[in-house]
1. Which ones in the range 313-335 are within 16 Å of ligand 1 (Cβ to nearest atom), among the polar types (S, T, N, Q) and either open to solvent by less than 30 Å² (accessible area, probe 1.4 Å) or at pLDDT 90 or above (or both)?
2. Give just the number: which of (1) in contact with a Ser or Thr (Cβ under 9 Å, 6 or more places away or on another chain); (2) of a type outside the set (Lys, Arg); (3) under 15 Å from VAL112 (Cα atoms); (4) in contact (Cβ under 8 Å) with a residue 24 or more places away in the chain does ALA83 not satisfy?
3. Confirm whether GLY473 is at pLDDT 80 or above, open to solvent by 20 Å² or more (accessible area, probe 1.4 Å), out of contact with any Ser or Thr (no Cβ under 9 Å at 6 or more places or on another chain) and over 19 Å from ILE576 (Cβ atoms).
4. Restricting to the range 295-310, give me the number of residues that are modelled with pLDDT under 95 and in contact with a Phe, Trp or Tyr (Cβ under 9 Å, 6 or more places away or on another chain).
5. Could you please tell me which pairs satisfy a Cβ distance under 6 Å, a separation of 6+ or placement on different chains, a first residue in the range 258-269 that is more than 6 Å from ligand 1 (Cβ to nearest atom) and polar (S, T, N, Q), and a second residue that is open to solvent by 90 Å² or more (accessible area, probe 1.4 Å) and part of a helix (DSSP H, G or I)?
6. So if I check each of GLU82, GLU108, which one is part of a strand (DSSP E or B), open to solvent by 20 Å² or more (accessible area, probe 1.4 Å) and on the phi < 0 side of the Ramachandran plot?
7. Go through the range 26-47 and report how many residues are at pLDDT below 90 and farther than 19 Å from PHE206 by Cβ.
8. Tally up the residues in the range 85-105 that are in contact with a Pro (Cβ under 8 Å, 6 or more places away or on another chain) and not in a strand (DSSP E or B), please.
Amino acid sequence: MITLETTIEEVPNIGSAYHKKLKKLGIETVRDLLYYFPARYEDFSNIIPINQAKVGETVCVQGRITQIESTQTFKKWMTIIEAEVEDETGSLKVLWFNQPFLTKSLREDDFVCLAGKVTLSKNGVYLASPVFEKISEISDNDDLTHTGRIIPVYSETKGLTSKWLRYIIKPLLEYFFDKMPDMLPEEIVKKHKFLPIKEAIWQIHFPESFESIDAAKARFSFENLFLLQLNILRQRAKLLQKTAPVCKMDTELMKKFTESLPFQLTDSQRQCAFVILTDLGKPTPMSRLLEGDVGSGKTVVATMAALSAVNSGPAGGGYQVAFMAPTEILASQHFKGICKMLEKFNVTVGYLTGKESEIYKDGKVSQVKKKELLLELEFGQINILIGTHALISKGVIFSKLALIVLDEQHRFGVSQRAQLTKGKTLIPHLLSMTATPIPRTLALTVYGDLDLSLIKEMPKDRKKIKTVIVEPGERKTAYDFIHKEVKEGRGVFVICPKIGEDENENASLPITGSFAPTNYTQGVLGQIEIKTVKQEYEKLSKEIFPDLRITMLHGKMKTEEKQRVMLDFKKGEIDILVSTSVVEVGVDVPRATVMMIEGAERFGLAQLHQFRGRVGRSDMQSYCFLFTTNPDQLNRKRLKAMIDCDNGFELAQKDLEIRGPGQLYGAVQSGIPDVAMEGMLNIFLVEKTRQSAKELLEKDPELKNYPLLVDSLKKFKQRVHFE
Ligand code: ADP
Ligand code: MG
């Protein structure tokens, strides 16, 4: 007996040649096949009399084959099958190119239904390589699969056609028509007036109308997002049953800390810090995302949380904090910055990356052996350990970890906490920080397991960054301006999309997928200069600014080298830094006032905004120059948004609209199915699913009465991996 779990190998009419190809599409079982939804549809539902077929139109006709023969062309050794098809109104020539096997299945006097384009060429008027299917007679009520209806078109892989998929899927749908289990609780199906599962799955593959496609899609988007929400809400519920270290808020200490800073906290910073410190004081693990535009001052807030943890905990040396950054440059910047902020607070801070280990104690930084650092950590002598991914490597053992701070790696928080707490009874609090604005739809889905805090305002002394799109003809003016800025002691960033000539060096190229400007790969290359860091460096240092100090920075440089360059730039020993997108996150150089971006159209809006955030970090007026050589109008419109809008949230929303959610935040790798992705754009749907999931879990937290749902949830978790 065939069930939904039956593997494709066991399905009789799937030949062994197809197994591998199906697996390539992620199809392993009958269920996968039925849930392999069409990428699009083609409307062949209108069958017309042959005498109404007009050149240039895509038509569907029915008729009898009066003649069929196969010929060879000598030039290309191509087989052409030529047939004549007639109905009561007339006859039409049909040509199939390169499908020699057709003569095996199509014979004279066969009745066929054909869908294809009526073409005119030196061969006369003919129907070009139409999709065909045999029928018993000319009629309206044949049950057609490939023609004469709205037909499903699937994403195909080599050697696997939509026609074949239709041929395989249709009988399975028929077989399962009354056996399709519905994972959605009946009351939900009723409440939202969804199609019953058997209808929905039929209509999504072989729809009666475009309306029924929409109805089916609505149900499946709901299904997926509903599972997503159930998953998130159950995980949260589970976490809330765990115990976390209590870090009591010490208002005196916090006051002392803020008074020691060279600036006043903004109201937003104050509010966020208060919420976080309150969370830390509770015995349940915090999971919080601290969101704030670049330069809004998240690090200070995190440092307050860290200080609070260090100040709490077992007598004789408080709790520990793990502080993780995505790159060595950032980790080292945090180490320096945080040590400085904690100067007067008698805190021991460790620093650990793949290569380096240092300890800050009693106002001094000293290099130590990694082994020694790890030992001190295990004995609880180190209060805060700052570093890269090295923090979660083997042998790094915290004895009393109370707080994990993650900078710019929000998507990994949950699994990293899991790695750091393996076998521990106390679950540390998690504070994740990001400058990536997260639209509400994503906050409730991809990031749905985190509470959100938002730093809404920038430090008061900041001026709005002036953004300008620089046309090719205005380059000189821009250069003159930059020269003037440098002469006044300011720093300039130049960002290029590539490191060097070699395409393979292109790893950090940000735009992929549907919004990659396709004309780059399709021959316009000659017209478009693609800036490379090396070329640009040569040009700027030799031709444009021979009198200025210019240096390169890119991902292929050694860490020490990168750090030295950043430090020199920060100190003012470098005027212009020509860089790839490695400076994207978090690097703080207050003296930099010009951000110049080459090939700006190649970057996403959110990313451009991140680059722009590298300047404007002091009270000096800063500038962002977007250089573009691509006249493409769509890109122009996108870039204009950068001028009109200095709010990361709005830009992210625009990016989301233009590029779709898949291209954002790597969500495309998360395994969320396309229908759910589409649904994610829809805040109403997201809220509806969340509400439904909440209601169901309130009624039945363990989903005891919904075994099918539990089962689907399990499978969903295997398929979707946010981490
Ligand atoms: P981000 O939120 O991008 O991580 P940082 O924490 O790196 O921002 O802060 C950016 C810069 O602003 C730092 O030099 C920091 O010392 C400074 N800063 C933070 N808060 C304030 C404030 N309230 N007023 C003035 N400067 C601040
Ligand atoms: Mg930061």
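The values are calculated or read from the model by the stated rules, or taken from the named source; none is laboratory data. Bear in mind that the values here come from a model prediction, so they are computed numbers and not experimental data. A quick note on method: Cβ atoms are made from the backbone with ideal geometry, for glycine too, and the neighbour counts reach across all protein chains shown. Surface accessibility is based on the protein's heavy atoms, side chains included, excluding ligands, DNA and RNA. Shrake-Rupley method; radii C 1.70, N 1.55, O 1.52, S 1.80 Å.
1. Result: SER332, single match.
2. With (1) in contact with a Ser or Thr (Cβ under 9 Å, 6 or more places away or on another chain); (2) of a type outside the set (Lys, Arg); (3) under 15 Å from VAL112 (Cα atoms); (4) in contact (Cβ under 8 Å) with a residue 24 or more places away in the chain applied to ALA83, the lone miss is (4).
3. yes
4. So the count comes out to 1.
5. Between residues of the range 258-269 that are more than 6 Å from ligand 1 (Cβ to nearest atom) and polar (S, T, N, Q) and residues that are open to solvent by 90 Å² or more (accessible area, probe 1.4 Å) and part of a helix (DSSP H, G or I), the close pairs are SER260/LYS344.
6. From the options GLU82, GLU108, the qualifying one is GLU82.
7. Going through the range 26-47 one residue at a time, the tally reaches 1.
8. 2
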